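Q: First, the structure itself, so that you have it in front of you.
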Amino acid sequence: MALTFYYSPQSSASRVHDTLTALGIPYEEKRVDLRAGDQKKPEFLALNPNGKVPTIVLDGTPMFESIAIQIALGERFGVEKGLWPALGSPEHLTALTWLCWGQVTLGASLFRYMHNTSEWHPKEQHNAAQAAAALKELGEQVGMLDAHLKGRDFVTGPRLTLADIDLVSVLGWGLDFAKIDTTPYPNVAAWIARTRKRLPPHSAS
């Protein structure tokens, strides 16, 4: 097995890095300097025509889009390590649901909030009304997850999976960035703390 991981710090590649580290599989890191435009170079576009990270090359085949990468890693390496539910099980369906929810529904609200508040985007493009609407959506979404986690240690039940690792990577950063108080969401706060205790330290930088 040969796996190369293309990443940039403080990007959506962090969630894939957390997964790779948790799985404990060997891989080669290649840092992509987004500010220098490495992602637009022909050799990188040949791997990912979107010109974005994360990107992996697994046994010679390029993959992009975090959801696809996470599912592929889970199915190939996670089941035997107890970090991904067996195909067809109820837990597998739940893991897929929340993994996609985190990257599509939650991710869209986070991106909209970031686009309208972050220094990475020109101030003239910021829209206070859009930022407020996205922040309201985020509160509703965190509340939905809090309700789901009531009586559960992790999103699929008693066992940590890659879905938890991915969601905490996205949501933990998002809560900090948007300065969302977790006091009204005790189940989410406890779940984030519980999941982070199970994560190995970062090595990508």
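The values are calculated or read from the model by the stated rules, or taken from the named source; none is laboratory data. Quick caveat, the model's predicted, so the values are computed rather than measured. Glycine gets a Cβ as well: all are built from the backbone with ideal geometry, and neighbour counts include every protein chain shown. What goes into the accessible areas is simple: the full protein's heavy atoms, side chains included, and nothing from ligands, DNA or RNA. Shrake-Rupley method; radii C 1.70, N 1.55, O 1.52, S 1.80 Å.
Q: At least 1 residues that are open to solvent by 60 Å² or more (accessible area, probe 1.4 Å), at pLDDT 95 or above and more than 24 Å from Phe154 (Cβ to Cβ) in each: list the strands (runs of 3 or more DSSP E) lying fully within segment 1-88 that qualify.
A: Filter on segment 1-88 gives 28-31, 61-64.
Q: Still on this structure, I have one more. Considering segment 99-121 alone, what residues qualify as being over 19 Å from Val188 (Cβ atoms) and either of a type in the set (Phe, Trp, Tyr) or open to solvent by less than 20 Å² (accessible area, probe 1.4 Å) (or both)?
A: Phe111, Asn116, Ser118, Trp120
Q: Something else: Looking at segment 134-157, I want the residues that are open to solvent by 30 Å² or more (accessible area, probe 1.4 Å) and have a partner that is modelled with pLDDT of 95 or more and part of a helix (DSSP H, G or I) with Cβ atoms under 6 Å, at least 6 apart or on another chain. Which pairs are those?
A: Lys150/Asn187
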